[in-house]
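Right, one structure below, let's go through it.
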Amino acid sequence: MAEEYDVIIIGGGPGGYNCAIRCGQLGLKVACIETRKTLGGTCLNVGCIPSKALLHATALYETAQKDFPSMGMKATVEADIPAMIESKDKVVKGLTQGIEYLFKKNNVEHITGFGKIKAKGEVEVDGKVYKTKNIVIATGSEVANLPGVEIDEKTIVSSTGALELQEVPENLLVIGGGVIGLELGSVWRRLGANVTVVEYMPSIMVNSDKEIQKAALRMFKKQGVKFELSRKVMGVEKSKSGLTVKTEAADGGKPKDIAADVVLVCIGRNAFTKGLGLENVGIETDKRGKIPQDHWKTSVDGIWAIGDVIDGPMLAHKAEEEGAAVAECIAGQSGHVNFNVIPDVVYTHPEIASVGQTEEQLKEAGVPFKSGKFPFTANSRARCNHEAEGFVKILAHAETDEILGAHILGPLAGDLIHEVAVAMEFKAASEDLARTCHAHPTVSEAVRQAAMDVEGWAMQM
């Protein structure tokens, strides 16, 4: 008789491995199935973590090159790309091994192979069937393909290939002006590549607050990135001399050819739900390949879905929250995720971060609001650190003063945003934040001053 589990999780990414660990903590008998030999999914292996390692290294490289002289330092630095890639790989290896340790610590069984639902309560892995009371689908997402552009991970690359380039391309063309394209474009620009971003929409980062969109575009242009907005890619031609990217205006016509040595395709990601055996249990996906669910419960009792395979932002931390919540639901507890407080960060330099609603969303919903804004040029610590670009913007309800959203472009934005996230979780008013003492001099004072500005009494501008 086959061994039976309380929970089998298909997918060992941030949603899957956190769900598995939480199940183990709650005393459930749990197994996690992962196709890769290493745990961590796209995020740890070929996404969030390796890209941040390269972003950090190249930011230091550019700082030494361009900013040291203005701070009274002289230095000569040289980039060693293979060594930089090796350093990135060491970080990835250490973290993936860390998950293996956490699995052992929390009695999670790690099964390597491709998991497929054979029937309700049955998961097949390479011909072997495992029985379980609950199945959690946490298979994440895969790179979206662009018609007419064939990715070979050599000269036409996805985000995965862009993390493995062994030399700096002279001309890098990025298809897509979203988070991934801007981050990886920044990596190779800092190392010397001429970067051009082709974006179908009339702006970059289309889901961001419009004020952030405009400021970010100015920032990237100032850094040397070229943009072709409202333009679509029709195909890529290869020749001995390199690549020719065929484009035309988004509304048709006005063709333009752009030469490149490497093309990076970053037009988004698709839910990975094919081949999982969903048809065996009668689960149908929507036209985007995502699984319909209600509080992570699918149409089949005992089968759950989390992370990129369901609606919502494709963010590792969103999947982590859902993984823990589902584990608690399975254990009979009240798993909960506050989807109104999911931070989002672009790890460029400076960083861009947001939480809650944008000004445009509030206007569309007819919610009365007031806003406050504070520039980092007026923040003493940012000026001391030669990192005074950008601003903090806070939105609050016009009548109750409850904080509804925050948007930051500037130093440490990815960390500062969580001050507002915690405030929002406790339904704090902007005045609560404005009257909370902040240490001086710190960049976090800019958050307080923005909250003060909501109230109309910012004191440092």
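Since every read-out is calculated from the coordinates, none of them should be taken as a lab result. Note that the structure is predicted; figures quoted are calculated from it, not measured. All Cβ positions, glycine included, derive from the backbone under ideal geometry; neighbour counts span all protein chains shown.
In the chain, the calculated helix contribution to ellipticity at 222 nm averages -9500 deg cm²/dmol per residue, counting -39,500 (n - 2.57) for every DSSP H run with n ≥ 4. Placing unit charges on the Cβ atoms only, positive for Lys and Arg and negative for Asp and Glu, gives the stretch 344-455 a dipole magnitude near 280 debye about its Cα centre. Let's test the formula: R0 of 22 Å, r as the Cβ-Cβ distance of Arg36 and Val300. What FRET efficiency results, to the nearest 0.05? E between Arg36 and Val300, to the nearest 0.05, is 0.25.
The local environment of Gly323, defined by Cβ-Cβ distances under 13 Å, has a net charge of -3 under the rule Lys, Arg +1 and Asp, Glu -1.
Centre-to-centre, using Cα atoms only, the stretch 9-27 and the stretch 47-114 are separated by 24 Å.
For the stretch 383-455, what does the relative contact order come out to in percent, with C-alpha contacts under 8 Å and a separation of six or more?
30
Let's test the formula: R0 of 51 Å, r as the Cβ-Cβ distance of Val77 and Lys128. What FRET efficiency results, to the nearest 0.05? My answer for the efficiency is 0.45.
First measure r as the distance between the Cβ atoms of Ala398 and Glu170, then evaluate 1/(1 + (r/R0)^6) with R0 = 60 Å and state the FRET efficiency to the nearest 0.05. The calculated FRET efficiency here is 0.70. Treating the Cα atoms of the stretch 156-267 as identical point scatterers in vacuum, please give the log10 of the normalised Debye intensity I(q)/I(0) at q = 0.12, 0.15, 0.18 Å⁻¹, two decimals. With no solvent term, the Cα-only Debye profile gives -0.38, -0.60, -0.86.
What is the sum of charges around Lys363, taking Lys and Arg as +1, Asp and Glu as -1, for the other residues whose C-beta is under 13 Å from the C-beta of Lys363? Numbers along the way, then the final one.
Values: positive: Lys210, Lys370; negative: Asp209, Glu211, Glu359, Glu360, Glu364.
In short, -3.
Gly11 sits among other residues whose Cβ lies under 11 Å from its own Cβ, and their net charge, with Lys and Arg +1 and Asp and Glu -1, is -1. Compared with the alpha-carbon gap, the fully stretched path from Lys105 to His56 is longer by 14.6 nm at 0.36 nm per residue. Farthest toward the positive end of the dipole of the chain, out of Leu412, Ala327, Met84, is the Cα of Met84, where the dipole comes from beta carbon charges about the Cα centre. Taking other C-beta atoms within 10 Å as the exposure proxy, Arg288, Arg448, Arg36 rank Arg288, Arg36, Arg448 from fewest upward.
In plain terms, the residue of Cys43, Cys23, Cys384 with the fewest other Cβ atoms within 10 Å comes first and the most crowded comes last, giving Cys384, Cys43, Cys23. Pick out, from Ile10, Gly390, Leu276, the residue whose Cα sits farthest towards the positive end of the charge dipole of the chain, with +1 on the Cβ of Lys and Arg and -1 on the Cβ of Asp and Glu. Looking along the dipole axis, the top candidate is Gly390.
Among Lys287, Lys370, Lys154, which comes first, second and so on when ranked by fewest other beta-carbon atoms within 10 Å?
Lys287, Lys154, Lys370
Evaluating 6.51 cos²θ - 1.76 cosθ + 1.60 at θ = phi - 60° for every residue in the stretch 45-52, the Karplus couplings come out as 8, 9, x, 3, 6, x, 5, 5 Hz, glycine and proline recorded as x.
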